[in-house]
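What follows is a short report on a single structure.
What follows is calculated from the coordinates using simple rules that are stated; it is not laboratory data. In this text the structure is predicted, and so the values were computed from the model without any measurement. Note that we place each Cβ from the backbone using ideal geometry, even for glycine, and neighbour counts take in every protein chain shown.
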Amino acid sequence: MNGARIWRGLLDAPAQAAVLEDLRAVVRAAPLLRPVTPGGRAMSVRMTAAGRVGWVTDRAGYRYADRHPGGGPWPPIPAAVLAVWDAVAACARTPDCCLVNFYGEGARMGLHQDRDEVDFTCPVVSLSLGDPGLFRVGGTVRGMPTASTWLCSGDVVVLGGAARLAWHGVDRIRFGESPLLPQGGRINLTLRVAR
């Protein structure tokens, strides 16, 4: 789909539940925050991260940071999440960041490029958990035609090669549809080599 490779149901229900349990430990160590864009607008998703660095945004700009905005270190990326990278990334380097986005009811992510990293030969690997999200991906130039598909819990997307800098986003979620998160919501994990 516009160069994005999609693995449907790569993680089965028990594997999804195991990753979710690992993520609960990540969030205890580095709580979810609602970030603010450099323009001062609060994003609709809540975020945290795991790994050597985490992606942050605030009035100072978009960047990778060595510590959680609360001051503590980022927790390590769970082994089960790194196994997803190993299965699909086809990259010799190991990710040093796992961005965790939580989509509550009405949350979305506008079209954007992942371009704060230093090595674009490494892909961005995205794992969906929980409620379905309508994923949209275009070309590497803003305004190029886009295509959309619903990503379900356990699906994995790889943006690599010619699609590494593709514009992409999540237009909406079908809140409360997945049994993985009893109170509803979607979690998206994106693994990347940031530095």
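For Asp96, indicate whether it is within 14 Å of the chain's Cα centre (by Cα), within 17 Å of Thr190 (Cα to Cα) and among the acidic types (Asp, Glu). For Asp96, the condition - within 14 Å of the chain's Cα centre (by Cα), within 17 Å of Thr190 (Cα to Cα) and among the acidic types (Asp, Glu) - is met.
Based on what the data block shows, is Thr149 more than 13 Å from the chain's Cα centre (by Cα), farther than 19 Å from Gly54 by Cα and either in a loop (DSSP other than H, G, I, E, B) or among the aromatic types (Phe, Trp, Tyr) (or both)? So Thr149 fails the test. Considering the conditions (1) in contact with a Phe, Trp or Tyr (Cβ under 6 Å, 6 or more places away or on another chain); (2) outside any loop (DSSP other than H, G, I, E, B); (3) aliphatic (A, V, I, L, M), Leu129 is excluded by exactly one of them, (1).
With respect to (1) buried (at least 16 other Cβ atoms within 10 Å of the Cβ); (2) under 20 Å from Met109 (Cβ atoms); (3) not aliphatic (A, V, I, L, M), the lone exception for Arg52 is condition (2). Scan region 1-60 for residues that are farther than 26 Å from Arg136 by Cβ and free of Cβ contacts under 8 Å to residues at least 12 places away in the same chain and the total you get is 4. Entry remark, region 75-109: residues being free of Cβ contacts under 8 Å to residues at least 12 places away in the same chain and either on the phi > 0 side of the Ramachandran plot or not in a helix (DSSP H, G or I) (or both) number 1 in total.
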